[in-house]
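Read the structure below first, then the notes.
The values are calculated or read from the model by the stated rules, or taken from the named source; none is laboratory data. It should be emphasised that the depicted structure is a prediction, and the values quoted were computed from it without experimental measurement. As a convention, Cβ positions derive from the backbone with ideal geometry for all residues, glycine included, and neighbour counts pool all protein chains shown.
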Amino acid sequence: MTHGSIEWTDRRVEVIIGTLLRAGVVAAAVVVLAGAAVYLVRHGAAAPHYAVFQGEPTDLRTPSGILADAATLQGRGIIQLGLLILLATPVARVAFSVFAFAMERDSLYVVVTLIVLAVLVLSLAGGML
C-alpha cells in the first residue's frame, strides 16, 4: 500500500519494528550503564547493610520521581530511567503497529492492536499507581 511517497509493505514495517526494538534496548542499556557508573562513583565504597531490608525510595516509584532524580543526575534515578525506556520499548512497538496497520487500511488489525495497546498501558499504569 502506498501512502504519499512511502510504500508500506510488510517487509518495510518489519524492518522499522526491528530497528525500533533494537534502538530501545540499546538506549535502555546505555542509560542503565551510565546510571550504574554514576552510582558506583558516588556510592561504590559504601558498605551494604544486609541486616535491614530497604526497598526503593518513594521518589523512584513513579515516572515523575524517576525523571526528577535522573534530571539531577542521581545514579539510581538514571538506572530507573533506563528501565522505563526498556519497558516503553515494546509499548512503542505496539503503538507503531497501530499506525502501520492504519496505513495499510487494515481496520481489523487496527482494532485488535488498539486493544492490546490499551491492555499494556493499563497494566503498566496500574503498577505505577
Quiz prompt | Selection within the stretch 1-45 - within 30 Å of residue 109 (Cα to Cα), out of contact with any helix residue (DSSP H, G or I) (no Cβ under 6 Å at 6 or more places or on another chain) and outside any helix (DSSP H, G or I) | solution = 1, 2, 4, 5, 6, 7, 9
Quiz item: Quick check: is even one residue across the stretch 44-58 surrounded by 14 or more Cβ atoms within 10 Å (Cβ to Cβ) and either at pLDDT 90 or above or of a type in the set (D, E, K, R) (or both)?
Solution: no
Practice problem: Please determine, by comparing only the residues of the stretch 97-116 that are assigned to a helix (DSSP H, G or I) and surrounded by fewer than 16 Cβ atoms within 10 Å (Cβ to Cβ), which one is nearest to the chain's Cα centre (by Cα). | Solution: 116
Practice problem: Identify the single condition in (1) polar (S, T, N, Q); (2) within 16 Å of the chain's Cα centre (by Cα); (3) closer than 30 Å to residue 104 by Cα that residue 80 does not satisfy, given that it satisfies every other one. | Solution: (3)
Exercise. Looking only at the stretch 76-88, decide whether some residue is free of Cβ contacts under 8 Å to residues at least 40 places away in the same chain, exposed (fewer than 13 other Cβ atoms within 10 Å of the Cβ) and not hydroxyl-bearing (Ser, Thr, Tyr).
Key: no
Exercise. Go through the residues of the stretch 46-67 one by one and say whether even a single one is in a loop (DSSP other than H, G, I, E, B) and basic (Lys, Arg).
Key: yes
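Criterion first (more than 18 Å from residue 41 (Cα to Cα), part of a helix (DSSP H, G or I) and charged (D, E, K, R)) does residue 93 satisfy it? Show your work before the answer.
Values: more than 18 Å from residue 41 (Cα to Cα): yes; part of a helix (DSSP H, G or I): yes; charged (D, E, K, R): yes.
So residue 93 passes the test.
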